[in-house]
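One structure below.
The values are calculated or read from the model by the stated rules, or taken from the named source; none is laboratory data. Values in this document were obtained by computation on a predicted structure and should not be read as measured data. All Cβ positions, even for glycine, are placed from backbone atoms using ideal geometry, and neighbour counts span all protein chains on display.
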Amino acid sequence: MKLIIIHSHSGKEEKFPLDQTGLHPSLARRLEELGVIEIEGGCITPAHLRRAYRVLRLWNTLKVNLTGAAIVVELLEQMEEMQEEINRLRREVNRYGF
């Protein structure tokens, strides 16, 4: 798979052309319907591409259906955000010596 990175000096996030990501167009549309990715102008952001591949790994390796895999990935992302917040709060507590 060959990925092309489009750089912009306007401060916008880089995006990959969808046809260069290895995602079949119908699969990409289904992932968009599930809220896993957003396709804008035929392109996808790196963060959404990572989410898509996470869902597809669950689908392929554990045979979880796409809807279930999308829910699992969403929950995993929420857990990661909570862990980051816990770590931030611990650093703050340690800084004040509690």
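Would you be able to tell me the number of residues in segment 60-70 that are assigned to a helix (DSSP H, G or I), among the hydrophobic types (A, V, I, L, M, F, W, C) and either surrounded by fewer than 16 Cβ atoms within 10 Å (Cβ to Cβ) or more than 15 Å from the chain's Cα centre (by Cα) (or both)? The qualifying residues number 0. Look at segment 38-57: where a residue is more than 13 Å from residue 74 (Cβ to Cβ) and modelled with pLDDT under 95, no partner that is among the small types (Gly, Ala, Ser) and buried (at least 17 other Cβ atoms within 10 Å of the Cβ) sits 6+ places away or on another chain with Cβ atoms under 6 Å. Assess whether residue 76 counts as being closer than 17 Å to residue 27 by Cβ and either touching a helix residue (DSSP H, G or I) at 6+ places or on another chain (Cβ under 7 Å) or touching a residue at least 12 places away in the same chain (Cβ under 8 Å) (or both). Considered against the rule, which asks whether it is closer than 17 Å to residue 27 by Cβ and either touching a helix residue (DSSP H, G or I) at 6+ places or on another chain (Cβ under 7 Å) or touching a residue at least 12 places away in the same chain (Cβ under 8 Å) (or both), residue 76 comes out as no. Considering segment 1-26 alone, what residues qualify as being within 18 Å of residue 57 (Cα to Cα) and modelled with pLDDT of 90 or more? 21, 22, 23, 24, 25, 26, listed by residue number. Go through segment 28-52 and give me each residue that's loosely packed, with under 15 Cβ neighbours inside 10 Å and outside any loop (DSSP other than H, G, I, E, B). Once the filter is applied, which keeps residues that are loosely packed, with under 15 Cβ neighbours inside 10 Å and outside any loop (DSSP other than H, G, I, E, B), segment 28-52 yields 29, 33, 40, 46, 47, 50.
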